[in-house]
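The structure appears below as structure tokens.
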Amino acid sequence: MQRTPVVFVHGPWLHALSWQSWARRFAHRGYLPFLPRWPGEAATVREARTRPGAPGGGPGLDALTEHYAALVRSLAVAPVLVGHSAGGLIAQRLLGAGAGRAAVALAPAPINGVPLPAPPAWQEGGPEGPSAVLSPQRFRRLFANTVGAEESGRLFERYVVPAPYRLLADLGRTGADPHPRARADTGNTARGPLLLVSGQEDLLVPDAVTRAVYKLYGDSTAVTDLKQFADRGHSLVVDSGWRQVADHVLDWLHERGVRALSGDG
């Protein structure tokens, strides 16, 4: 038997290292975690903040999806895909295309024309630049709105990096309308199980948006589940309540028959 891989897919403004606690938790339960960085992503948060933005605005949604698809194809065992924000959208795209054994989309950027609220004034600088930067104050207001100022400050210093404008444009965050690239196949009945997770105090991807995405899967016979966490914001994967979310995901995988060892009944 082989350990079941889990590929963690982060979203804009958080570095790949934001999944470290999840990776340790999943490894403790027997899974084989992978925390791949985006193409061109710096190895550390400090380096990402000081390095000039990538030419052309950094990777877009299609490039990121193919980046993770290539990793999935390289694995001997079909992985579980766990994504946050845009990473949750990518996890749904891959699962809908038949890649991966199961997927978990946490506070996922919406798909298939489901609109986000009008974008808040999160930009610092103009869209002509390569990346969008969140100040500590805006991170607290938009991302970490359910935690205290001290915790928000720690999270900012540990994990927050600039986000590529190209990706934000693909997600529709630089305008009011959803982008046509932000799509996933909701009708694939042969795919593995999917769990959608929302925070009911999320300001970037409100709970109502995730519920609307959940309804898109209503005509499919493939397993789709929804979990709503009260009093949680967009930082639910990194703040002090992360373990409650991670343990729910682990329990859900077990309930759906996705074991840490491939072939384990």
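The values are calculated or read from the model by the stated rules, or taken from the named source; none is laboratory data. Remember, predicted model here, so these are calculated numbers, not experimental data. Note that we place each Cβ from the backbone using ideal geometry, even for glycine, and neighbour counts take in every protein chain shown. Ligands, DNA and RNA are stripped out before the accessible areas are found, and what is left, the full protein with its side chains, is counted by its heavy atoms. Shrake-Rupley method; radii C 1.70, N 1.55, O 1.52, S 1.80 Å.
Some observations on this one:
- Members of region 229-243 found to be under 16 Å from VAL82 (Cα atoms) and either open to solvent by 70 Å² or more (accessible area, probe 1.4 Å) or touching a Pro at 6+ places or on another chain (Cβ under 6 Å) (or both), listed by number: ARG243
- Scanning region 106-122 for residues that are over 18 Å from the mean Cα position of the chain (by Cα) and modelled with pLDDT of 90 or more returns no hits.
- Residue match in region 190-199 (condition: part of a loop (DSSP other than H, G, I, E, B) and in contact with a Phe, Trp or Tyr (Cβ under 9 Å, 6 or more places away or on another chain)): yes
- Segments classed as helices (runs of 4 or more DSSP H), wholly inside region 1-90, with at least 3 members that are among the small types (Gly, Ala, Ser): 20-28, 61-74
- Where a residue in region 130-156 is in contact (Cβ under 8 Å) with a residue 12 or more places away in the chain and open to solvent by less than 20 Å² (accessible area, probe 1.4 Å) and its partner, wherever it lies, is among the acidic types (Asp, Glu) and in a helix (DSSP H, G or I), with Cβ under 9 Å and at least six apart: ALA144/GLU151
- In the set (1) closer than 27 Å to ARG3 by Cα; (2) open to solvent by 30 Å² or more (accessible area, probe 1.4 Å); (3) small (Gly, Ala, Ser), ALA246 fails one condition alone, (2).
- Note on region 202-244: residues that are within 22 Å of GLY172 (Cβ to Cβ) and part of a helix (DSSP H, G or I) total 10.
- Put simply, of LEU94, LEU142 the only residue that is farther than 21 Å from ARG51 by Cα, of a type outside the set (Ser, Thr, Tyr) and either modelled with pLDDT of 95 or more or in contact with a strand residue (DSSP E or B) (Cβ under 9 Å, 6 or more places away or on another chain) (or both) is LEU94.
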